[in-house]
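Undergrad: Could you have a look at this structure, given as structure tokens, before my questions?
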Amino acid sequence: MGEKIYIFDTTLRDGEQSPGATMNIEEKKRLARQLDRLGVDVIEAGFPAASDGDFEAVREICKVVENAQVAALARASNGDIDRAWESIKGAKYPRIHTFIATSDIHMQHKLGMSREEVIAAVKRSVSRARSYVHNVEFSAEDASRSEWDFLVQVVETAIEAGATTINIPDTVGYAQPQEFADLIRYLKKNVKNIDNAVLSVHCHNDLGLATANTLAAIRAGARQVEVTLCGIGERAGNAALEEVVMALYVRNSYYNVETNIKKELIYPTCRLLSMIIGMPIPAYKAIIGGNAFAHEAGIHQHGVLKNRLTYEIMTPESIGRPPSELVIGKHSGRHAIQQQLEQLGYRLTKEQLDIIFQAVKGLADKKAQIFLEDLEALVLEEIYRIPDKYKLKYLCSVSGNMAIPTATLKIQVDDQEEQISEFGVGPVDAVFNAISKLVGKQPKLLKFSVNAITGGTDAQGEVTVKIEEGGKTAIGRGSDPDIIVASAKAYINALNRLARKEEEKIWARV
Ligand code: KIV
Ligand code: ZN
């Protein structure tokens, strides 16, 4: 057995800062439960001082996480640290994660602080965090652009003040693998109390090197890595959990380290995130993309047929990708459906399972084959859809090369049903015009995308829309074998989320 690498997942904090990846509290709890099952060691649940919504979400996440440590982020100020502690004190294994920038450019232009003032702030903030909890992480923001000897001083101070984990972020994705590894070695060699803390790295992907830098740091002695599912995060994102974990696994003899991750839950967990934030996983994405295990070139297909190892360095099963054959049919029982759902990370009550069971039967009448992705779409559609202000009751769409595209709709607004007809340049335009007129809102449509959930012309269409009104944004998703109906569902879902944001005063971060 090699040494252990601690997996610190920051999907719910840094990942949520990814444009369009905002999640509500229920969605964050669902994802946190799944991350816990996946076996991550630390879940960074949020930045409680950022807003009341973030604070509440962290508190709620603490209640559902059973095994992982739960971390809350705080700037190096008493107010932030107190708020972080308030939010995580209910966790089984709480961690305060405090940070301050240490590069000259950040200290001068962002903080307006001298090196001496930053050192004093490190000492003060880590000590305050330690007055609440033993488990304290300190991050030197923009460490990769900091002067190395100053960084040595900062890290030494943080450990002296009681930090148990020291994180070295490549905040702007500037580092190069060899150089970053050298920095880690330099710290290990020159920080005199370095053995009293776990050394961690946190890499951004601006130059496409987040995973490479993370792995290079592990080779140089880092023992915690900060990652996100699918690599989502600020700007170009963070190091992807699935890439780092699978590199360590596939190249075990090279790295000789272990993680706690249950690899067969990697794919379902990434899918869950993708469904929650309404962003499809790109087909070309390493490990989890639709094409990651597809062999197109004849010569490759020939090799794989003879022996999979000719062109496959890992199996789809090892990350929990379902085989692409039919999994659910009209005659599948509740138990089979429940089992499949559990594998995908959904634990439903008996009543919820009944709803899905009926929905599967309904879908089986329209569609010849039902795949796991269809099942997943049904769960999101039927179970996790947020309580709706607007509900689609009826839709008739007319279009064609000799018809003016027209949509006739009936929508329930709170308790009242209303109907309307409208025209458009195409059927989706007609539907959106009708819905907008009926609900009395004209949001700007920022994104409209249609995906076939599975193959075949009877595949369910999965539509994602992003809208904006008055500076607030919302994402909506809808799926249906009819893409016009899926579009209407997605648009109404986004309007419902926008309405809910207005009620909760949760502002989307764009
Ligand atoms: O990228 C970064 O520097 C961060 C820190 C707050 C850890 O996210
Ligand atoms: Zn970051």
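Undergrad: Do the conditions hold for S397, that is, is it more than 25 Å from E376 (Cβ to Cβ) and among the hydroxyl-bearing types (S, T, Y)?
TA: yes
Undergrad: Also, quick follow-up: Looking at region 216-231, can you tell me whether even one residue there is among the small types (G, A, S), at positive phi, within 16 Å of ligand 2 (Cβ to nearest atom) and touching a strand residue (DSSP E or B) at 6+ places or on another chain (Cβ under 6 Å)? Please lay out each step first, then the result.
TA: Taking region 216-231 first, the residues among the small types (G, A, S) are 216-217, 220-222, 231.
Then keep just the ones that are at positive phi; that gives 221, 231.
With within 16 Å of ligand 2 (Cβ to nearest atom) added as a condition, the list becomes 231.
Still in the list and also touching a strand residue (DSSP E or B) at 6+ places or on another chain (Cβ under 6 Å): 231.
Within region 216-231, one or more residues are among the small types (G, A, S), at positive phi, within 16 Å of ligand 2 (Cβ to nearest atom) and touching a strand residue (DSSP E or B) at 6+ places or on another chain (Cβ under 6 Å).
Undergrad: Scan region 177-218 for residues that are in a strand (DSSP E or B) and surrounded by fewer than 21 Cβ atoms within 10 Å (Cβ to Cβ) and report the count.
TA: The number of residues fulfilling the criteria is 1.
Undergrad: Please go through region 1-21 and give me each residue that is open to solvent by 10 Å² or more (accessible area, probe 1.4 Å), within 15 Å of ligand 1 (Cβ to nearest atom) and assigned to a loop (DSSP other than H, G, I, E, B), ordered by number.
TA: Result: R13, S18.
Undergrad: Moving to a separate point now. For S87, state whether it is more than 16 Å from ligand 2 (Cβ to nearest atom) and either touching a Cys at 6+ places or on another chain (Cβ under 8 Å) or closer than 23 Å to Y186 by Cα (or both).
TA: Spelling it out, S87 is indeed more than 16 Å from ligand 2 (Cβ to nearest atom) and either touching a Cys at 6+ places or on another chain (Cβ under 8 Å) or closer than 23 Å to Y186 by Cα (or both).
Undergrad: Please enumerate the residues belonging to region 392-415 that are open to solvent by 90 Å² or more (accessible area, probe 1.4 Å) and under 30 Å from T349 (Cβ atoms).
TA: Scanning region 392-415 gives K393, Y394, D415.
Undergrad: Listed residues F99, F55; which is among the aromatic types (F, W, Y) and within 16 Å of ligand 2 (Cβ to nearest atom)?
TA: F99
Undergrad: Considering only residues of region 282-307 that are at pLDDT 90 or above and open to solvent by 10 Å² or more (accessible area, probe 1.4 Å), which is nearest to E342 (Cα to Cα)?
TA: I287
Undergrad: Now, a different point. For a quick check of your reading of the model, give me the residue pairs whose first member lies in region 222-244 and is within 18 Å of G289 (Cα to Cα) and open to solvent by 10 Å² or more (accessible area, probe 1.4 Å), whose second is within 12 Å of ligand 1 (Cβ to nearest atom) and not in a loop (DSSP other than H, G, I, E, B), with beta-carbon atoms closer than 7 Å and at least 6 apart or on different chains.
TA: So the pair list comes out as G231/A210; G231/N238; I232/G15; A236/H204.
Undergrad: With the requirement that a residue be in contact (Cβ under 8 Å) with a residue 12 or more places away in the chain and more than 9 Å from A158 (Cα to Cα), what does region 126-136 give you?
TA: Matches in region 126-136: R128, A129, R130, Y132, V133, H134, N135, V136.
The values are calculated or read from the model by the stated rules, or taken from the named source; none is laboratory data. Since the model is a prediction, treat every value here as computed from it, not as a measurement. Every residue, glycine among them, receives a Cβ derived from its backbone with ideal geometry; neighbour counts consider all protein chains shown. Side chains are part of the model used for accessible areas, which takes the heavy atoms of the whole protein and leaves out ligands, DNA and RNA. Shrake-Rupley method; radii C 1.70, N 1.55, O 1.52, S 1.80 Å.
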